[in-house]
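The values are calculated or read from the model by the stated rules, or taken from the named source; none is laboratory data. This structure is a prediction, so every number in the text was calculated from the model and none was measured. So basically every Cβ, Gly included, is an ideal-geometry build from the backbone, and we count neighbours across all protein chains shown.
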Amino acid sequence: MRNAGYRISVGFDGSQAYQRALAISPDLILMDVRMPRMDGFAACRLLAADPRTSAIPVIFLTVAGELHERLNGLEIGGVDYVLKPFEPAEVLARIRVHLARASGNRPAEEKVSASDFTGDSVIVRAAIRHLSQSLNNPPSVEQLARLVGTNEKRLSRAFRDNLGRTVFEYLRDERLRIAQRLLSSTPLSIASIADEIGFSSAANFATAFRERFGTTPSSYREELRCRDLAGTEEPTVDAE
């Protein structure tokens, strides 16, 4: 890569990769998956969740070649996924392609103050992004912490400090917020909505919904339907 004219900054684990990206704002990141301290997937989640680094393209270059690993790498924000052993010429070609795309698609730079983002706030953003994609089967707090490159204690503290809620409380409120939208905008049954947002049964969903909003899901939907009917009724006018 140096022979091709690129300036290189090297990190040795995912945590160092994230910190270096914050410090020097590279044009592209070439990253392994299986690394000590913080793996490449966790680092990519943090990079994607931080506005200061979210526009930097990440190419995974790794021996982690299982289908679920390749899909995961692309779903969390990687722009490409290259398996080892690799052909150097191919890697250089992919780098050129993604650098060209990044320079053509990059919006005008918006100044983001480092003081606006702490390590904990970025961790929370990364955790929320992951939870939004797995509401019906969320990881445990311990698993979620590992997915965003931290530990359970720090993740729990970060949620309390930044959101004033525990991870469980955030997850419950987000599920019920989405339930409200589904009840008002889709014909899905109560049981289907409960399954969609990860409740073990329609009864558990109804109990949680009533505790949060003071009404059952069916009553909430019926009230919305009545409001819509009242709002769409037009006065009758006799025309001769």
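In the stretch 173-199, what residues are without any contact (Cβ under 8 Å) to a residue 40 or more places away in the chain and surrounded by 17 or more Cβ atoms within 10 Å (Cβ to Cβ)?
Narrowing the stretch 173-199 to residues without any contact (Cβ under 8 Å) to a residue 40 or more places away in the chain: 173, 176-177, 179, 181-182, 185-194, 199.
Matches in the stretch 173-199: Leu176, Ala179, Leu182, Ile190, Ile193, Ala194, Phe199.
Filter the stretch 81-105 down to residues that are over 16 Å from Arg34 (Cα atoms) and not in a helix (DSSP H, G or I), then give me how many there are. Walk me through it before giving the result.
Taking the stretch 81-105 as the starting set, the residues that turn out to be over 16 Å from Arg34 (Cα atoms) are 86-105.
From what is left, the residues that are not in a helix (DSSP H, G or I) are 86-87.
Going through the stretch 81-105 one residue at a time, the tally reaches 2.
May I ask you to verify whether Ile56 is among the hydrophobic types (A, V, I, L, M, F, W, C) and touching a strand residue (DSSP E or B) at 6+ places or on another chain (Cβ under 7 Å)? Steps first, please.
On the way: among the hydrophobic types (A, V, I, L, M, F, W, C): yes; touching a strand residue (DSSP E or B) at 6+ places or on another chain (Cβ under 7 Å): yes.
Yes; evaluated as a whole, the condition is true for this residue.
Please go through (1) assigned to a helix (DSSP H, G or I); (2) at pLDDT below 95 for Arg45 and return the number of the only condition it doesn't satisfy.
All conditions pass for Arg45, except number (2).
Among the residues of the stretch 8-30, write down those that are free of Cβ contacts under 8 Å to residues at least 40 places away in the same chain, not charged (D, E, K, R) and not in a helix (DSSP H, G or I).
Ile8, Ser9, Val10, Gly11, Phe12, Ser25, Pro26, Ile29 - these are the residues of the stretch 8-30 that are free of Cβ contacts under 8 Å to residues at least 40 places away in the same chain, not charged (D, E, K, R) and not in a helix (DSSP H, G or I).
Do the conditions hold for Ser184, that is, is it among the small types (Gly, Ala, Ser) and modelled with pLDDT of 95 or more? Let's see the steps before the verdict.
Values: among the small types (Gly, Ala, Ser): yes; modelled with pLDDT of 95 or more: no.
No: the conditions fail for Ser184.
Suppose the filter is touching a helix residue (DSSP H, G or I) at 6+ places or on another chain (Cβ under 7 Å), assigned to a strand (DSSP E or B) and buried (at least 20 other Cβ atoms within 10 Å of the Cβ); does Phe60 pass it?
It is true that Phe60 is touching a helix residue (DSSP H, G or I) at 6+ places or on another chain (Cβ under 7 Å), assigned to a strand (DSSP E or B) and buried (at least 20 other Cβ atoms within 10 Å of the Cβ).
Give the residues of the stretch 213-226 that are over 15 Å from Ala194 (Cα atoms) and not polar (S, T, N, Q), sorted by residue number. If you could, list the steps in order and put the result at the bottom.
Of the stretch 213-226, the ones over 15 Å from Ala194 (Cα atoms) are 213-215, 219, 222-226.
Residues satisfying the conditions are Phe213, Gly214, Glu222, Glu223, Leu224, Arg225, Cys226.
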